Amino acid sequence: HGNLDTHYTFDNFVEGRSNQLGRAAAWQAAQKPGDRTHNPLLLYGSTGLGKTHLMFAAGNEMRRQNPAVRVLYLRSEQFFSAMMRALQDKAMDGFKRHFQQVDALLIDDIQFFAGKERTQEEFFHTFNALFDGRQQIIMTCDRFPREVEGLEPRLKSRLAWGLSVAIDPPDFETRAQIVLSKARERGAQIPEDVAFLIAKKMRSNVRDLEGALNTLTARANFTGRSITPEFAQETLRDLLRAQMHSVGIANIQKTVADYYGLQIKDLLSKRRTRSLARPRQVAMALAKELTEHSLPEIGDAFAGRDHTTVLHACRQIKTLQETDGKLREDWDKLIRKLSE
Ligand code: ADP
Ligand code: MG
């Protein structure tokens, strides 16, 4: 079962604040498979943040150190269908043995087990056997398992026995480094300015960064133009417009109000207390960033405010993003919510 994708390694994984714990944990698991300090290892976080990459990297690293090591990687769906097949063929003993012979079992996206009781039960037994045998188990999940509905409590509790590490969305600096690293891998010449631009515009996940890079290089090849910041700006604008076309100002107002625990009418009101004024400015700046509406149009949508008020909000939020970590975090989270 050589189903590890050998392309994904620690070498081509860009480390940043958001993923350094996850990377360190995966690295440790690869150095000492089965050690109780990181067995089982669970990496969790939303999609496109590098969980599978790290899982492959750990498996590949184990093999690099010891080519005889038996590493088995399976997506949860594959575990499920292998089990169904074994049940049908009345070959459950073989199924069990197959899994218990490995040195490391890598199971990707275990949220897929939700609601599948028989699969969970089999996985539970496999898990216990491997754990007792001090064989390494690495799993990923798209959120903290306790928050996955339809996972059995006893399984949830087992998952937390070893080490659970969150993978967070990468910050600006890391995003830019990832773009540069992916460009290098593809042999594409991307000026740093352009990498920064992509990192600034594409915030939700790493897959989108790669998508932007792919679109950009394809379009450059196709049109024979070189990748200047202007060319990138143009391409990204089209890409974002396509991606965000469903985001309207009303949607932004609702999302921002919910995020800060406010009513939309408060957000639109004339009251200027700080607890209202800041979220209001955030909402206006998001409307400018994510929609094609003009400043006067945005002002209108905010209970008829003047376009200079909107402009001021945009500038204020831009400045605060550089100095206020909390605000930057709010901003990134809101963008993610709005681009889902
Ligand atoms: P997940 O499993 O969390 O959904 P993946 O591991 O499939 O995400 O990552 C999506 C893409 O992003 C992959 O191509 C992966 O190589 C890339 N990626 C994510 N994080 C990083 C990183 N820190 N450095 C380099 N590439 C990354
Ligand atoms: Mg994945």
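The values are calculated or read from the model by the stated rules, or taken from the named source; none is laboratory data. Quick caveat: nothing in here was measured; it's all calculated off a predicted structure. When we count neighbours, we look across all protein chains shown, and the Cβ atoms used for this are built from the backbone with ideal geometry, even at glycine. To get the accessible areas, we keep the full protein, side chains included, count just its heavy atoms, and leave off ligands, DNA and RNA. Shrake-Rupley method; radii C 1.70, N 1.55, O 1.52, S 1.80 Å.
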* For the charge dipole of the chain, defined by +1 on Lys and Arg C-beta atoms and -1 on Asp and Glu C-beta atoms about the Cα centroid, which residue among Phe10, Leu41, Ala183 has the Cα displaced farthest towards the positive pole? -> Leu41
* Can you work out ³J(HN,Hα) from phi for every residue in the stretch 88-98, in order, using Karplus 6.51 cos²θ - 1.76 cosθ + 1.60 and θ = phi - 60°, giving whole Hz and x for Gly and Pro? -> 4, 7, 6, 10, 5, 4, x, 4, 4, 4, 3
* Vicinal HN-Hα couplings computed from phi for the stretch 112-129 (Karplus, 6.51 cos²θ - 1.76 cosθ + 1.60; Hz; Gly/Pro x) -> 5, 6, 3, x, 9, 5, 5, 4, 5, 5, 5, 5, 4, 5, 4, 4, 4, 4
* Distance between the stretch 28-68 and the stretch 105-164 - C-alpha centres, whole angstrom -> 15
* Take every Cα pair under 8 Å in the stretch 187-340 that's 6+ residues apart, average their separations, divide by the length, and report that relative contact order as a whole percent. => 22
* Of Lys201/Lys265; Lys156/Lys182; Lys116/Lys182; Lys182/Lys333; Lys32/Lys116, which ones are farther than 26 Å apart at the Cα? -> Lys201/Lys265; Lys156/Lys182; Lys116/Lys182; Lys32/Lys116
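Taking square-rooted eigenvalues a ≥ b ≥ c of the alpha carbon gyration tensor, is the stretch 154-282 rounded, prolate or oblate, where a/c under 1.5 means rounded and, failing that, a/b exceeding b/c means prolate?
Values: a/c = 2.61, a/b = 1.30, b/c = 2.01.
Oblate, because a/c is 1.5 or more while a/b does not exceed b/c.
Got a sec? What order do Thr47, Thr217 fall in by accessible area at 1.4 Å, biggest, i.e. largest, first?
Details: Thr47 80, Thr217 25 Å².
Ranked from most to least accessible, the order is Thr47, Thr217.
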* Structure fact -> Here the stretch 13-27 yields Karplus 3J(HN,Hα) values (6.51, -1.76, 1.60; θ = phi - 60°; whole Hz; Gly and Pro given as x) of 9, 7, 8, x, 4, 5, 10, 5, 5, x, 5, 4, 5, 5, 5
* Asked: Out of residues 5 or more away from Asn39 or on other chains, whose amide H comes under 5 Å of its own, with H placed 1.01 Å from N in the peptide plane?
  -> Leu163
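Applying a 10 Å radius around every beta-carbon, put 128-140, 92-104 in order of their mean neighbour count, most first. Show your work: numbers first, answer last.
On the way: 128-140: 19.1, 92-104: 15.6.
By packing density, highest mean first, the sequence is 128-140, 92-104.
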